[in-house]
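In what follows, a single structure is set out as structure tokens and then discussed.
The values are calculated or read from the model by the stated rules, or taken from the named source; none is laboratory data. Since this is a predicted model, take the numbers as computed values, not measurements. Methodologically, a virtual Cβ is constructed for each residue, glycine included, from the backbone with ideal geometry; neighbour enumeration extends over all protein chains shown. For the accessible areas, the whole protein counts, side chains as well, though only heavy atoms, and no ligand, DNA or RNA atoms are used. Shrake-Rupley method; radii C 1.70, N 1.55, O 1.52, S 1.80 Å.
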Amino acid sequence: QVQLVESGGGLVQPGGSLRLSCAASGSIFGISPMGWYRQASGNQRELVATITSGGSTNYADSVKGRFTISRDNAKNTVYLQMNSLKPEDTAVYYCNVKITVLNYWGQGTQVTVSS
């Protein structure tokens, strides 16, 4: 079973920062695309950022310039540095890895941005 474990979520004030981490089981994920998605209450899950094994990144327009995705292939870990957080960033954030045609998801970590 592929396992993804997210951590780093929490409550932060607007303008603050959080760093999310996602550790994947095994050692076969270094060549697989990984990403972060989020789902706000009552909304569909949406893409936040993706990163290829080579480090190419893609961001949703809503987070571009504020969030940074990175990965450590040796640790099978992907990170999401979130700066200048806004209340609309509040959501459950999910880690994702795509292996061929299959998508695997973590359990999610709650990020709440509020005064």
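Sort Glu46, Glu6 by heavy-atom solvent-accessible area, probe 1.4 angstrom, most to least.
Glu46, Glu6
Taking other residues whose beta carbon is less than 13 angstrom from the beta carbon of Thr52, and scoring Lys, Arg as +1 and Asp, Glu as -1, yields +2.
Taking a sphere under 12 Å around the Cβ of Cys22 and counting the other residues whose Cβ falls inside, with K and R at +1 and D and E at -1, yields a net charge of +1. Would you work out what percent of the accessible area of the chain, with all protein chains in place, is carbon or sulfur (probe 1.4 Å)? For the chain, the apolar C and S fraction of the accessible surface comes to 49 percent.
Here the chain is assigned +1 on the Cβ of each Lys and Arg and -1 on the Cβ of each Asp and Glu. Its dipole about the Cα centre then comes out at about 120 debye.
What the stretch 50-115 shows is 50 Å² of accessible area per residue, with the surface traced by a 1.4 Å probe over protein heavy atoms. Residues considered: Val63, Val101, Val12. Largest GNM mean-square fluctuation over the chain, using C-alpha springs under 10 Å, is found at Val101. In percent, rounded to a whole number, the relative contact order of the chain is 37, using alpha-carbon pairs under 8 Å and six or more apart.
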